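These notes are about the structure you will find just below.
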Amino acid sequence: MKKKNIIFTVAVSFIFFLTIALVSDVMAENPEEEPAIGIVEKLGNVMPDDVVLKDENGNDVNLRSLIDKPTVVSLVYFRCPGICTPLLNGLTTVVRKTDQIPGKDFNVLTISFDHTEDFSLAASKKENYLTNLNREIPKDSWRFLTGDSDNIAKVSNALGFKFQKQGNDFIHGASIMVLSSEGKLVRYLYGTDYLPFDFKMAITEAGEGRISPTIAKVVKLCFSYDAGAKKYVLNVTRIAGGGILLLLGVFVGVLIFKKKKVNNKTELT
């Protein structure tokens, strides 16, 4: 029996060190580097309580004071010739379609990340989008805000929203973010079109303070970016490593089960 115990110990030790090596290799392959442009998920972050922006009427408002219920945040710039308009159109559509009530179940904050845009432009955009909404909502349930560069940086950093100025315009991603009533970031919805079900679930989770990873995070585990091909490709190494770890776990479980079974038989005899 001593010989079998030694073999078992050596096997488990070998599997343990092999597992550590595989995990280290996978982690080293994909170091966490924040991109200069795009969206870096920061689920669980809390919006700073010292952010002061201007509302559509030119009044200074503390951002956290506006977040007293689940809140949808969109970062755009109002002169954007690209995806900002489709994003706001998509947000308008889903707010129109949802059976949840703006001002009661959730609020919306649209914040310009271009510090040169002022409250008069924000007021004009608000009027346009509320008119196109074709749904009566309290005016305070969807605010259009502007701010200086310091306060905008605080907001964008808290939300993981990375943008870069290029000429007179900006390069940036497309996403809306959902905050709980405590200002905690709980969900990202990507793109410019949003399903009413996804929107409702995000609002519901924000109401409960629950944080859920987006599908993009799950997909990222199986895909990696190929800079040469300029596209995401299936990461065979990571998937194989995960499969090996799973098999090793099953193997260890079988060894332990057999050892216990042998020990029980020995005790009975």
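Taking only the Cα atoms of region 42-212, the ratio Rg/Rh comes out at 0.92, with Rh defined as the Kirkwood radius. Taking other residues whose beta carbon is less than 11 angstrom from the beta carbon of ASN134, and scoring Lys, Arg as +1 and Asp, Glu as -1, yields +2.
In this Cβ point-charge picture (+1 for Lys and Arg, -1 for Asp and Glu), region 60-114 has a dipole of about 120 debye about its Cα centre. Computed 3J(HN,Hα) for region 148-158, one whole-Hz value per residue from the Karplus formula 6.51 cos²θ - 1.76 cosθ + 1.60 where θ = phi - 60°, is 7, 5, 5, 5, 5, 4, 4, 5, 5, 5, 5, glycine and proline marked x. Put in order of Cβ neighbour count within 10 Å, fewest first, the listed residues ARG187, ARG64 become ARG64, ARG187. For PHE197, the shell of other residues with beta-carbons less than 14 Å away shows a net charge of -1, using +1 for Lys and Arg and -1 for Asp and Glu. Only beta bridges with both residues in region 29-128 are counted; by DSSP, about 30 percent of them are antiparallel. Relative contact order for region 42-212: 34 percent, from Cα pairs under 8 Å spaced at least 6 residues apart, divided by residue count.
We did not get these values from a lab; they are worked out from the coordinates using the rules stated. These numbers come from a predicted model, not from an experiment. Neighbour counts run over all protein chains shown; Cβ positions are idealised from the backbone, glycine included.
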